[in-house]
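In what follows, a structure is listed as structure tokens, so that the remarks can point back to it.
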Amino acid sequence: DASGNKSDEKVIDVKDATPPVAPTGSEVTSESTQITGTGEPGTTVKVELPDGTELTGVADDQGNYG
């Protein structure tokens, strides 16, 4: 403080208990095979195709993936 008083250091862990908003994604068709969308920045997005294949990507710093 202004008088030069000091206190012991204190470490506090803060956990983000709010889940991210579910990502949005584009419709995939035989003509449009690229998956794009938005989500929380840095979130890993996993898409499971009808044949069981799993695709993953990470949303960029603006929340975009694809």
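The values are calculated or read from the model by the stated rules, or taken from the named source; none is laboratory data. What you see is a predicted model, and the numbers here were worked out from it, not measured in a lab. No Cβ is skipped: glycine too gets one built from the backbone with ideal geometry, and neighbour counts run over all protein chains shown.
If we keep just the residues of segment 46-66 that are outside any loop (DSSP other than H, G, I, E, B) and of a type outside the set (Ser, Thr, Tyr), which is surrounded by the most Cβ atoms within 10 Å (Cβ to Cβ)?
Initially, segment 46-66 is screened for residues outside any loop (DSSP other than H, G, I, E, B), giving 46-48, 54-58, 64-65.
Then keep just the ones that are of a type outside the set (Ser, Thr, Tyr); that gives 46-48, 54-55, 57-58, 64.
Working: LYS46: 10, VAL47: 15, GLU48: 9, GLU54: 8, LEU55: 10, GLY57: 18, VAL58: 11, ASN64: 13.
Ranking the qualifying residues of segment 46-66, first place goes to GLY57.
Select from segment 16-45 the residues that are in a strand (DSSP E or B) and either surrounded by fewer than 10 Cβ atoms within 10 Å (Cβ to Cβ) or hydroxyl-bearing (Ser, Thr, Tyr) (or both) and list them in ascending order.
Matches in segment 16-45: THR24, THR38, THR44.
Taking ILE12, is it assigned to a loop (DSSP other than H, G, I, E, B) and surrounded by 10 or more Cβ atoms within 10 Å (Cβ to Cβ)? Explain how you work it out, then say what you get.
Values: assigned to a loop (DSSP other than H, G, I, E, B): yes; surrounded by 10 or more Cβ atoms within 10 Å (Cβ to Cβ): no.
Criteria not met by ILE12.
Okay, residues lined up against (1) among the acidic types (Asp, Glu); (2) in contact with a Gly (Cβ under 6 Å, 6 or more places away or on another chain); (3) touching a residue at least 12 places away in the same chain (Cβ under 8 Å):
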site: ASP16; (1), (2), (3): yes, no, no
site: PRO23; (1), (2), (3): no, yes, yes
site: GLU27; (1), (2), (3): yes, no, no
site: SER32; (1), (2), (3): no, no, no
site: THR38; (1), (2), (3): no, yes, yes
site: THR43; (1), (2), (3): no, no, yes
site: VAL47; (1), (2), (3): no, no, yes
site: ASP51; (1), (2), (3): yes, no, no
site: TYR65; (1), (2), (3): no, yes, yes
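Restricted to segment 1-30, and to residues that are modelled with pLDDT of 85 or more and charged (D, E, K, R), which residue is nearest to the chain's Cα centre (by Cα)?
Step by step, filter segment 1-30, then rank; the result is ASP16.
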